[in-house]
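The values are calculated or read from the model by the stated rules, or taken from the named source; none is laboratory data. Small disclaimer: the values here were computed from a predicted structure and weren't measured. We place every Cβ from the backbone using ideal geometry, glycine too, and count neighbours over all the protein chains shown.
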Amino acid sequence: MTAELRTVLPPQERVGEPEPRPFAGRQGRSDKVFTRVTFLSGVAVLAIMGAVGFFLTLESTDALGRVGFSFLTTSVWEPDRGEFGIKAVLTFTVLIALVAVAIAFPISMATALFIVEIAPRRVKSWLVSLVDLMAAVPSVVYGLWGAFLMQGQVIGLSRWINTWFGWIPLFSVDGADPGNPLSNATVYTASTFVAGVVVAMMVMPIQCVVMREVFSQVPPGEREGAFALGATRWGMIRVVTLPFGRGGIIGGTMLGLGRALGETIAVYMIISSRFDISFHVLESGSNSVSALIALRYAEASDFGLSALFSAGLSLFLITLVVNFTASWFVARSRSGADSEA
């Protein structure tokens, strides 16, 4: 038998050979209906979001047209006198959100790692259900719990922090005597810290769910490879899981931040409103943009409503930027591009 030798030419030198046809599957009626429904659903979500932004912009035109840029640099809130702004309110809003995220972040990440990497299979399903159930609890329940139960317990912690870390301006309290255990405790009530603790309980499930989903997508081969090289479980988590889920950690944290920025009822039930800027998180008195709207809406005049719509527009834009940034980090983390294993 004679072997026949053929010279294989590069693709660019082949002449007259047909190119492979692209594969195009036919869509059935159900596929077309599903594609159109999902497309229209996505368009509807964007349209609703755009309509909300347009409505807020339209309603806030009168107020913003009168005060202009000073709306962001004024702390007083007296719309009927022509003096109003969200400088102090926005500062307290950010402080409450940062306190909430600082408390919720380590607990959320530790819970997500325990569920994905350590918990037995039987316990894992129960933990997942409990975390999801926390997200279903109404905000008013968290507010009642924080106002009537948690606040009394947090006062002792606030006093301890002020006693040992009061030299830090963030933890100092005007009018408090750390050396006197019988001093008045009202200086610690209705504070930014108490509101942040309650909001932390509300944002914790969101952060935990996002981190858990990202950690569960770590390729099993990378885990097994780390164990084969002699890594301990913590070493595997540190080298494989955490680098892979870095985007999910950042995205989940920012999603929790967006939820904390817009929380209304729980904060409204706890804080004592004030309009002067104070960075003392343990001190009595705080505020937030959403709580301001809930507090002043019923008694506001037409121009006062326009001012409240301006505050709502600012909060809408801030949360929109935070949530879109978080979604970008979460989507990027799913590719596994950040893995260092």
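Regarding Val128, is this residue at pLDDT 90 or above, more than 24 Å from the chain's Cα centre (by Cα) and among the β-branched types (Val, Ile, Thr)?
Spelling it out, it is not the case that Val128 is at pLDDT 90 or above, more than 24 Å from the chain's Cα centre (by Cα) and among the β-branched types (Val, Ile, Thr).
If you go through segment 107-144 one residue at a time, how many are of a type in the set (Lys, Arg) and under 18 Å from Thr264 (Cβ atoms)? Full working, then the answer.
Just the residues of segment 107-144 that are of a type in the set (Lys, Arg), to begin with: 121-122, 124.
Now drop any that are not under 18 Å from Thr264 (Cβ atoms), which leaves none.
Here the count works out to 0.
Quick check on my filter: what residues within segment 272-311 are surrounded by 17 or more Cβ atoms within 10 Å (Cβ to Cβ), closer than 19 Å to Val67 by Cβ and of a type in the set (S, T, N, Q)?
Asn287, Ser306, Ser310
Matching residues to (1) under 12 Å from Ser284 (Cβ atoms); (2) in a helix (DSSP H, G or I):
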position: Asp174; (1), (2): yes, no
position: Asp177; (1), (2): no, no
position: Val187; (1), (2): yes, yes
position: Ala195; (1), (2): yes, yes
position: Gln217; (1), (2): no, no
position: Glu224; (1), (2): no, yes
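Does Phe23 meet the test of being among the aromatic types (Phe, Trp, Tyr) and modelled with pLDDT of 90 or more?
Numbers: among the aromatic types (Phe, Trp, Tyr): yes; modelled with pLDDT of 90 or more: no.
In short, no.
Failed condition for Phe279, given (1) more than 30 Å from Phe227 (Cβ to Cβ); (2) at pLDDT below 90; (3) in a loop (DSSP other than H, G, I, E, B), with all others met?
In the conditions (1) more than 30 Å from Phe227 (Cβ to Cβ); (2) at pLDDT below 90; (3) in a loop (DSSP other than H, G, I, E, B), Phe279 misses (2) alone.
Residues of segment 260-276 being under 28 Å from Met109 (Cβ atoms) and either part of a loop (DSSP other than H, G, I, E, B) or in contact (Cβ under 8 Å) with a residue 60 or more places away in the chain (or both), which ones?
Passing the criteria: Ala260, Leu261, Glu263, Thr264, Ile265, Ala266, Val267, Ile270, Ile271.
Go through segment 236-271 and give me each residue that's surrounded by fewer than 23 Cβ atoms within 10 Å (Cβ to Cβ), at pLDDT 90 or above and within 27 Å of Val187 (Cα to Cα).
Of everything in segment 236-271, those that are surrounded by fewer than 23 Cβ atoms within 10 Å (Cβ to Cβ), at pLDDT 90 or above and within 27 Å of Val187 (Cα to Cα) turn out to be Tyr268, Met269.
Please find, within segment 153-172, the residue that is farthest from Ala294 (Cα to Cα) out of those that are outside any loop (DSSP other than H, G, I, E, B) and over 27 Å from the mean Cα position of the chain (by Cα).
Looking at residues that are outside any loop (DSSP other than H, G, I, E, B) and over 27 Å from the mean Cα position of the chain (by Cα), I get Trp164.
Cys208 fails exactly one of the following numbered conditions: (1) closer than 23 Å to Met109 by Cβ; (2) assigned to a loop (DSSP other than H, G, I, E, B); (3) in contact (Cβ under 8 Å) with a residue 40 or more places away in the chain. What is the number of that condition?
Among (1) closer than 23 Å to Met109 by Cβ; (2) assigned to a loop (DSSP other than H, G, I, E, B); (3) in contact (Cβ under 8 Å) with a residue 40 or more places away in the chain, Cys208 violates only (2).
For every residue, the table says whether it meets (1) buried (at least 20 other Cβ atoms within 10 Å of the Cβ); (2) touching a His at 6+ places or on another chain (Cβ under 9 Å); (3) in contact (Cβ under 8 Å) with a residue 24 or more places away in the chain.
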{"position": "Glu117", "(1), (2), (3)": "no, no, yes"}
{"position": "Gly146", "(1), (2), (3)": "yes, no, yes"}
{"position": "Asp177", "(1), (2), (3)": "no, no, no"}
{"position": "Gly196", "(1), (2), (3)": "yes, no, yes"}
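For segment 67-124, which positions are among the acidic types (Asp, Glu) and assigned to a helix (DSSP H, G or I)? Write out each step before concluding.
Initially, segment 67-124 is screened for residues among the acidic types (Asp, Glu), giving 78, 80, 83, 117.
Within segment 67-124, Asp80, Glu117 meet the criteria.
Residues of segment 78-95 being buried (at least 23 other Cβ atoms within 10 Å of the Cβ) and touching an Asp or Glu at 6+ places or on another chain (Cβ under 8 Å), which ones?
Phe84
Does Phe105 satisfy the condition of being loosely packed, with under 12 Cβ neighbours inside 10 Å, within 26 Å of Val281 (Cα to Cα) and either among the aromatic types (Phe, Trp, Tyr) or touching a Pro at 6+ places or on another chain (Cβ under 8 Å) (or both)?
So Phe105 fails the test.
Can Asp62 be described as surrounded by 10 or more Cβ atoms within 10 Å (Cβ to Cβ), at pLDDT 90 or above, outside any loop (DSSP other than H, G, I, E, B) and over 29 Å from the mean Cα position of the chain (by Cα)? If you could, list the steps in order and put the result at the bottom.
On the way: surrounded by 10 or more Cβ atoms within 10 Å (Cβ to Cβ): yes; at pLDDT 90 or above: yes; outside any loop (DSSP other than H, G, I, E, B): yes; over 29 Å from the mean Cα position of the chain (by Cα): yes.
So Asp62 passes the test.
Out of Val203, Val187, which single residue is closer than 21 Å to Ala112 by Cβ and surrounded by 14 or more Cβ atoms within 10 Å (Cβ to Cβ)?
Exactly one of Val203, Val187 is closer than 21 Å to Ala112 by Cβ and surrounded by 14 or more Cβ atoms within 10 Å (Cβ to Cβ), namely Val203.
Out of the residues in segment 131-152 meeting the condition of being of a type in the set (Gly, Ala, Ser) and more than 20 Å from Met211 (Cα to Cα), tell me which one is farthest from the chain's Cα centre (by Cα).
Our first condition is that a residue be of a type in the set (Gly, Ala, Ser); within segment 131-152, this holds for 135-136, 139, 143, 146-147, 152.
Subsequent filtering for residues that are more than 20 Å from Met211 (Cα to Cα) retains 139, 143, 146-147, 152.
Numbers: Ser139: 15, Gly143: 19, Gly146: 20, Ala147: 23, Gly152: 27 Å.
By that ranking, first place goes to Gly152.
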